[in-house]
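The values are calculated or read from the model by the stated rules, or taken from the named source; none is laboratory data. This one's a predicted model, so the numbers in the text were calculated from it and none came from an experiment. Methodologically, a virtual Cβ is constructed for each residue, glycine included, from the backbone with ideal geometry; neighbour enumeration extends over all protein chains shown. To get the accessible areas, we keep the full protein, side chains included, count just its heavy atoms, and leave off ligands, DNA and RNA. Shrake-Rupley method; radii C 1.70, N 1.55, O 1.52, S 1.80 Å.
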Number of protein chains: 2
Amino acid sequence: MVKTYSKNQLERYPVYLKVLREMREEGERFSASSSIARRLGYSEEQVKKDLAAVSPTLGTPGRGRDISSIIEDIETFLGYREMTSAVIVGVGRLGSAILDYPGFADMGLDIVAGFDSDPAKIGTNINGREIYDVSRLSEIMPGLKAHICIIAVPSAYAQSVADMAVKAGATGIWNFAPTHLSLKKGVIVENVNLASSLAVLSHRIKTNLKED
Amino acid sequence: MVKTYSKNQLERYPVYLKVLREMREEGERFSASSSIARRLGYSEEQVKKDLAAVSPTLGTPGRGRDISSIIEDIETFLGYREMTSAVIVGVGRLGSAILDYPGFADMGLDIVAGFDSDPAKIGTNINGREIYDVSRLSEIMPGLKAHICIIAVPSAYAQSVADMAVKAGATGIWNFAPTHLSLKKGVIVENVNLASSLAVLSHRIKTNLKED
């Protein structure tokens with residue numbers, strides 16, 4: 001049986017990781033769920049449950065658990081300890097920011113190449129990654145053994161890029177274009193939708209003001 | 001009584017808006033929940049419930065509802081029809097991408113100024129927005145009547161920037177730094193956490209492969 005995790009729960013693991021690493025840097029060696037909960041504003045019960053699901057080793061009562069071993073367990077769970085190759089399509093401002101971000105390698109994501117339709121970008125390289133003509137995506141992608149395609153093109157092109165990527169072997173799409181993608185079953189799509197995030201922020205500010 | 005909306009539900013409204021605008025551009029005037037549901041892969045029941053919550057006008061049986069009036073209702077609900085001012089702190093690659101993105105104005109968000117600590121950036125302007133020294137945030141922000149602060153600085157600086165912004169009158173923080181912010185009650189924080197989004201994608205790909 002495959003254990004299931006809710007989306008919200010999965011989203012919390014990188015946050016735990018961040019806090020645990022900070023604690024370790026501050027010189028702490030052991031941690032109790034209560035102190036992690038306090039730092040994050042989560043309930044202690046939730047922290048306990050989340051950590052137990054991916055890092056079942058027991059702690060010493062009164063002292064908590066070894067921080068480094070929890071970090072290791074979360075990193076393993078999140079796949080940070082094995083590299084997955086990805087390509088990115090669209091290297092405008094947003095795509096370049098993604099290519100430039102050093103943090104993804106630590107998360108097990110290796111962006112191996114970029115694609116764009118702009119002749120001024122094709123043939124250049126960004127941070128050591130070659131930028132190819134997007135029309136060559138289905139030809140080049142299989143040889144790169146990349147199974148994740150990051151989409152950072154304007155909305156109008158996102159669906160056709162996704163279709164090409166899936167034909168070329170993508171099993172996961174990380175979609176930064178603010179549009180819905182329809183893909184065959186078995187292909188995982190995770191959307192980063194800034195409009196949706198902004199909608200949540202604006203609505204919560206408005207409701208908050210009304211309640212005051 | 002203030003109606004409450006779940007985070008997931010709020011996140012869906014910009015997606016409805018997108019699809020309804022596409023339908024209108026394709027020449028459709030009326031829409032039934034069933035066709036919206038089909039385009040998005042949502043259940044018809046959910047579409048009906050979501051739309052009824054913000055756009056209660058009844059449709060004509062068999063013909064559906066006037067698309068333009070649903071669009072107008074969602075835009076009003078999301079606050080797209082009134083402008084809110086924001087500042088952005090951190091205009092590196094990510095911050096510049098955000099400043100450059102033309103879509104936010106249509107969502108009612110007017111980014112009026114940027115702040116950075118890099119002397120090469122201070123005094124320049126990006127897309128017509130002046131970039132100021134971040135040390136002047138609390139002095140300049142109140143005069144701009146900006147109540148949202150977008151944070152696009154490295155994690156290590158995010159908390160101190162947020163603290164300054166709140167002192168200068170921010171009631172909402174849109175946080176792009178991959179770190180948890182602790183702020184006083186009444187300040188709304190919405191995080192855009194790419195590590196969390198990637199965690200969801202990677203886990204779902206892994207689980208999917210196991211299930212195949």
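Taking a label point 7 Å out from Cα toward Cβ, give me the nm distances from residue B:145 to the same spot in the other copies, shortest first, one decimal.
Ordered by distance, the counterparts are at 5.9 nm.
State the extension gain, in nm to one decimal, for the chain segment bounded by residue B:34 and residue B:167, taking 0.36 nm per residue of separation less the distance between their alpha-carbons.
The residue B:34-residue B:167 span can extend by a further 43.1 nm.
Place the label 7 angstrom along Cα→C-beta at residue A:186 and in each other copy, then list the distances from the first to the rest in nm, shortest first.
Going from nearest to farthest copy, the values are 5.6 nm.
Taking amide H atoms as placed 1.01 Å from N in the peptide plane, list the residues 5 or more away in sequence, or in a different chain, whose amide H sits under 5 Å from that of residue B:188.
Long-range HN contacts for residue B:188: B:172, B:173.
At 18 Å minimum axial length over the Cα atoms and a Kyte-Doolittle cut of -1.0, report the qualifying DSSP H helices in chain B, or say none.
Within chain B the helices that satisfy the rule are B:155-167, B:194-211.
Enumerate the aspartates and glutamates that residue A:167 could reach by cross-link, defined here as Cα to Cα under 15 Å, with residues fewer than 8 away along the same chain left out.
Excluding near neighbours in sequence, the set is A:139.
With labels modelled as points extended 7 Å from the Cα through the Cβ direction, what inter-label distance (nm, one decimal) is found for residue A:26 paired with residue B:46?
3.9 nm
If you average the alpha carbon positions of region B:1-71 and of region A:10-49, how far apart do those two centres end up, in angstrom?
Measuring centre to centre over Cα atoms gives 40 Å.
Name the chain A residue with the Cβ nearest the axis that maps A onto B: which is it, and what is the distance in angstrom?
Here the value is A:97, 2.
State the Cα centre-to-centre distance between region A:90-105 and region B:77-152 in whole Å.
The distance from the Cα centre of region A:90-105 to that of region B:77-152 comes to 21 Å.
If you roll a 1.4 Å probe over the heavy atoms of the protein chains, what accessible area per residue do you get for chain A, in Å²?
49 Å²
Normalise the Debye intensity by I(0) for region B:97-212, one equal point scatterer per Cα, no solvent, then take log10 at q = 0.11, 0.14, 0.16, 0.21 Å⁻¹ and round to two decimals.
For region B:97-212 at q = 0.11, 0.14, 0.16, 0.21 Å⁻¹, log10 I(q)/I(0) is -0.43, -0.64, -0.80, -1.24.
How would region B:115-167 be classified by its alpha-carbon gyration tensor: rounded, prolate or oblate, with rounded meaning a/c under 1.5 and the a/b versus b/c comparison settling the rest?
It is oblate, given that a/c is not under 1.5 and a/b is not larger than b/c.
So which trypsin sites (Lys or Arg not before Pro) in region A:165-212 are both in a DSSP loop and have at most 12 other Cβ atoms within 10 Å of their Cβ?
Hits after loop and neighbour filter: A:184, A:185.
Mind checking the mean number of beta-carbon atoms from other chains within 10 Å of the Cβ atoms in B:120-132?
The per-residue average across the peptide is 0.
Could you work out [θ]222 nm for the protein assembly as shown from helices alone, using -39500 (n - 2.57) per DSSP H run of at least four and dividing by all its residues? Round to the nearest 500 deg cm²/dmol. Can you show the working numbers first?
Details: 18 runs with 193 residues, N = 424.
Mean residue ellipticity at 222 nm (helix-derived): -13500 deg cm²/dmol.
Express the carbon and sulfur contribution to the solvent-accessible surface of chain A as a percent, rounded to the nearest whole number, probe 1.4 angstrom.
51 percent
Working from the pairwise distances between different alpha carbons, so that the mean of 1/r is found and then inverted, what is the protein assembly as shown's Kirkwood radius in Å?
The Cα-based Kirkwood calculation yields 23.2 Å.
Check cross-link reach from residue B:206 to the aspartates and glutamates: straight Cα distance under 14 Å, and skip same-chain residues fewer than eight apart.
Result set, ordered by chain and number: A:82, A:190.
What total accessible surface area, summed over both chains, is buried at the interface between chains A and B, computed with a 1.4 Å probe and given in Å² to the nearest 100?
The buried area between A and B, both sides summed, comes to about 5100 Å².
What is the projected area of the convex hull of the Cα atoms of chain B, averaged over all directions, in nm²?
So the Cα hull casts an average projection of 15.6 nm².
Report the FRET efficiency, 1/(1 + (r/R0)^6), for residue B:208 and residue B:155, where r is their Cβ-Cβ distance and R0 is 25 Å, rounded to 0.05.
0.25
Taking every residue in A:10-20, how many Cβ atoms of other protein chains lie within 10 Å of its Cβ, on average? Spell out each step's value before the answer.
Numbers: counts 9, 8, 3, 5, 9, 8, 1, 3, 6, 2, 0.
If you average over the peptide's residues, the count of other-chain Cβ atoms is 5.
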